[in-house]
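Peer 1: Sharing a structure, written as structure tokens. Questions coming.
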Amino acid sequence: MDDVKYLKIMDKDKEIGKIPDSGDPVENAKRYTQFLKDKNLYVEFSQSTLMFKQARAFAKIARDIHSKSLLKPPFSQEASAPFVVNSAFACEMYLKTLQNIYGKAEEIHSLSSLFKHLPNKLKDKINKLTKEKSVEFQIQSKTLFKDHIKTISNAFVDWRYIYEQESATVNISVILLILTVLDTLACSEVKQT
């Protein structure tokens, strides 16, 4: 007779239940979800919230790369492309999160285009926040967000294949400013939905 194996369901390092292990990760995920639903613990997230969480995850990785490899000597040249690509994708997801809250997210990668199609009231909030946060990143506060975003508008596409280019440059402080502004605003907007 085969012994049934169980998977523990944990919450904050405390076991809250068990499910039979089917041996199939997809089936186990369904069982896990059903367990949470049966116990009224399941939380359904909006599309905007899921997009925001994705943006934050890529932004966190970009910041980790920055702090470990690009913040102080010795700088890791190999870390530049992963930093830029993860940052650009995070920016894309933040902008698409904002678009999703106020309509429908576009299926494009151009950060300038995504920003251009945001509602004017959001662009105003972004510009105000950019001006406020510029000092923190030692950046000219009179520069509009659209001009900052233009510098990395196609970075997600371009920097994935940076080895095909003779040279490329980015301003890391500008990228960090953009990430901070978009994260701050998207966080605030998602909470209001």
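Any read-out appearing in this document is the output of simple, stated calculations on the displayed coordinates, not a laboratory observation. Small disclaimer: the values here were computed from a predicted structure and weren't measured. Don't worry about glycine lacking a Cβ; one is built from the backbone with ideal geometry, like all the others, and counts go over all protein chains shown.
Peer 1: Give the angle, between 0 and 90 degrees and rounded to the nearest 10, that separates the Cα long axis of helix 120-134 from the longest principal axis of the Cα atoms of the chain.
Peer 2: It works out to around 80 degrees.
Peer 1: Residue farthest toward the positive end of the dipole of segment 19-98, with Cβ of Lys/Arg at +1 and Asp/Glu at -1: which of Ser67, Leu36, Phe83?
Peer 2: Among Ser67, Leu36, Phe83, the one farthest towards the positive end of the dipole of segment 19-98 is Ser67.
Peer 1: Quick one: compute the contact order of segment 66-193, relative version, from alpha carbon pairs under 8 angstrom and 6+ residues apart, as a percent.
Peer 2: 32 percent
Peer 1: Oh, and also: Past 23 Å, Cα to Cα: identify those pairs from Lys30/Lys191; Lys123/Lys150; Lys104/Lys142, in the order given.
Peer 2: Pairs exceeding the cut-off: Lys30/Lys191; Lys104/Lys142.
Peer 1: What angle, in degrees between 0 and 90 and rounded to the nearest 10, separates the Cα long axis of helix 25-38 from the longest principal axis of the Cα atoms of the chain?
Peer 2: Its long axis makes an angle of about 80 degrees.
Peer 1: To test your reading of the geometry: what angle, between 0 and 90 degrees and rounded to tens, separates the Cα axis of helix 80-101 from the longest principal axis of the chain?
Peer 2: Between the helix axis and the principal axis of the chain, the angle is about 80 degrees.
Peer 1: Something else about it: Say we join alpha carbon atoms closer than 10 Å with springs in a Gaussian network model of the chain; which of Lys104, Lys30, Lys121 then has the biggest fluctuation?
Peer 2: It is Lys30.
Peer 1: Which of Leu177, Leu95, Leu144 ends up with the largest GNM mean-square fluctuation for the chain, with Cα atoms connected below 10 Å?
Peer 2: Highest fluctuation among the options: Leu144.
Peer 1: Computed over the Cα atoms of the chain, what is the convex hull's projected area averaged over all directions, in nm²?
Peer 2: Working: hull surface 62.7 nm².
Taking the Cα atoms of the chain, their convex hull projects to 15.7 nm² on average.
Peer 1: List the lysines whose Cα lies under 19 Å from the Cα of Lys12, skipping any in the same chain that are fewer than 8 positions away.
Peer 2: Cross-link targets: Lys37, Lys39.
Peer 1: Okay, next question. Can you check what the Kirkwood hydrodynamic radius comes to for segment 44-106, Cα pairs only, in Å to one decimal?
Peer 2: Here the Kirkwood hydrodynamic radius works out to 12.4 Å.
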